[in-house]
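*Asks:* Right, I'll just put the structure down here and ask away after.
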Amino acid sequence: MSNRTFTMIKPDATSKGYTGAILDQIIKAGFTVKAMKWIKLSEEQAGLFYDIHRARPFFGELVDFMSSGPIVAAILEKENAVADFRDLIGATNPANAAEGTIRKNFAASIGENAVHGSDSDENAIIEGDFFFSKLERF
Ligand code: ATP
Ligand code: MG
């Protein structure tokens, strides 16, 4: 069982002023922040982060969106972090997200869905390492 996951608050949510409310919901759900930064990805960096989706029809749209404005990147800690955080954010498409989830509360569409959450322990480590040096995590 993992105790760390990685998240991003995506450009739609930062631009709408939802950053504080989303962080509040994350912390109230029991997650502790172990690393955090406010950063804007280049198209190339966004493409590398979502490299696994490169062949998908929505890849161009995803890269344009994820590099369109600032994001908050963070490493979060909690028992069973990866699975519990996926439950907290809800389904990829906010139309299918459960009541009370972050995507239900803050996301507009499947493309602009407010937050990212790692889908495995392995990817949580890879994604955290993509953004943070050892000096930046506690
Ligand atoms: P994330 O990885 O961002 O946490 P996810 O794991 O719920 O989201 P993925 O299947 O990994 O969903 O898709 C990555 C991201 O690509 C989605 O969050 C969304 O922003 C975008 N995306 C996925 N499917 C579509 C689609 N059909 N149309 C447009 N964008 C999409
Ligand atoms: Mg994913």
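*Asks:* Residue check: is residue 109 touching a residue at least 12 places away in the same chain (Cβ under 8 Å) and either in contact with a Leu (Cβ under 9 Å, 6 or more places away or on another chain) or more than 13 Å from ligand 2 (Cβ to nearest atom) (or both)?
*Replies:* Details: touching a residue at least 12 places away in the same chain (Cβ under 8 Å): yes; either in contact with a Leu (Cβ under 9 Å, 6 or more places away or on another chain) or more than 13 Å from ligand 2 (Cβ to nearest atom) (or both): yes.
Yes; evaluated as a whole, the condition is true for this residue.
*Asks:* Sort out which residues of segment 104-138 are part of a loop (DSSP other than H, G, I, E, B), within 14 Å of the chain's Cα centre (by Cα) and over 20 Å from residue 60 (Cα atoms), and write them in order of number. Outline the logic, then answer.
*Replies:* Going through segment 104-138, the residues part of a loop (DSSP other than H, G, I, E, B) turn out to be 107-114, 118-120, 132-133, 137-138.
If we keep only those that are within 14 Å of the chain's Cα centre (by Cα) as well, we get 107, 110-114, 118-120.
Those that are part of a loop (DSSP other than H, G, I, E, B), within 14 Å of the chain's Cα centre (by Cα) and over 20 Å from residue 60 (Cα atoms): 118, 119, 120.
*Asks:* Same structure again: Condition first: part of a helix (DSSP H, G or I) and within 18 Å of residue 18 (Cα to Cα). Now tell me which residues in segment 86-103 satisfy that.
*Replies:* Correct list: 88, 89, 94, 102, 103.
*Asks:* Among the residues of segment 117-133, count how many are surrounded by fewer than 22 Cβ atoms within 10 Å (Cβ to Cβ) and within 7 Å of ligand 1 (Cβ to nearest atom).
*Replies:* The total comes to 1.
*Asks:* I've got another one for you. Return the total of residues in segment 1-45 being over 17 Å from residue 81 (Cα atoms) and either assigned to a loop (DSSP other than H, G, I, E, B) or of a type outside the set (Val, Ile, Thr) (or both).
*Replies:* Summing the residues that are over 17 Å from residue 81 (Cα atoms) and either assigned to a loop (DSSP other than H, G, I, E, B) or of a type outside the set (Val, Ile, Thr) (or both) in segment 1-45 gives 18.
*Asks:* Could you look through segment 112-125, keep only residues that are under 17 Å from residue 33 (Cα atoms) and hydrophobic (A, V, I, L, M, F, W, C), and pick out the one that is farthest from ligand 2 (Cβ to nearest atom)?
*Replies:* The qualifying residue farthest from ligand 2 (Cβ to nearest atom) is 125.
*Asks:* Check whether at least one residue in segment 46-55 is in a loop (DSSP other than H, G, I, E, B), under 22 Å from residue 85 (Cα atoms) and more than 15 Å from the chain's Cα centre (by Cα), and report yes or no.
*Replies:* Filtering segment 46-55 down to residues in a loop (DSSP other than H, G, I, E, B) leaves 50, 54-55.
Filter once more, keeping what is under 22 Å from residue 85 (Cα atoms): 50.
If we keep only those that are more than 15 Å from the chain's Cα centre (by Cα) too, we end up with none.
So far as segment 46-55 goes, no, none of its residues is in a loop (DSSP other than H, G, I, E, B), under 22 Å from residue 85 (Cα atoms) and more than 15 Å from the chain's Cα centre (by Cα).
*Asks:* Please list, ordered by first then second residue, the pairs with beta carbon atoms under 9 Å, 6 or more apart or interchain, first in segment 114-132 and more than 16 Å from residue 3 (Cα to Cα) and touching a residue at least 12 places away in the same chain (Cβ under 8 Å), second part of a helix (DSSP H, G or I) and within 11 Å of ligand 2 (Cβ to nearest atom).
*Replies:* 114/89; 115/89; 116/49; 116/89; 116/127; 130/49; 131/49
*Asks:* Name the residue that is surrounded by the most Cβ atoms within 10 Å (Cβ to Cβ), counting only residues in segment 83-101 that are hydrophobic (A, V, I, L, M, F, W, C) and more than 11 Å from ligand 1 (Cβ to nearest atom).
*Replies:* Step by step, filter segment 83-101, then rank; the result is 88.
*Asks:* Of the numbered conditions (1) surrounded by fewer than 17 Cβ atoms within 10 Å (Cβ to Cβ); (2) in contact (Cβ under 8 Å) with a residue 24 or more places away in the chain; (3) away from ligand 1 (no atom under 11 Å from the Cβ), residue 61 fails exactly one; give the number of that condition.
*Replies:* Only one criterion in (1) surrounded by fewer than 17 Cβ atoms within 10 Å (Cβ to Cβ); (2) in contact (Cβ under 8 Å) with a residue 24 or more places away in the chain; (3) away from ligand 1 (no atom under 11 Å from the Cβ) is unmet by residue 61, namely (3).
*Asks:* Within segment 68-82, identify whether any single residue is within 16 Å of ligand 2 (Cβ to nearest atom) and assigned to a helix (DSSP H, G or I), and answer yes or no.
*Replies:* Yes: one or more hits.
Where a number appears in this text, it was derived from the coordinates with a stated rule and is not lab data. Treat the numbers as computed from the prediction; the structure is a model and nothing was measured. Counting neighbours? That spans all protein chains shown, and the Cβs are built from the backbone with ideal geometry, glycine included.
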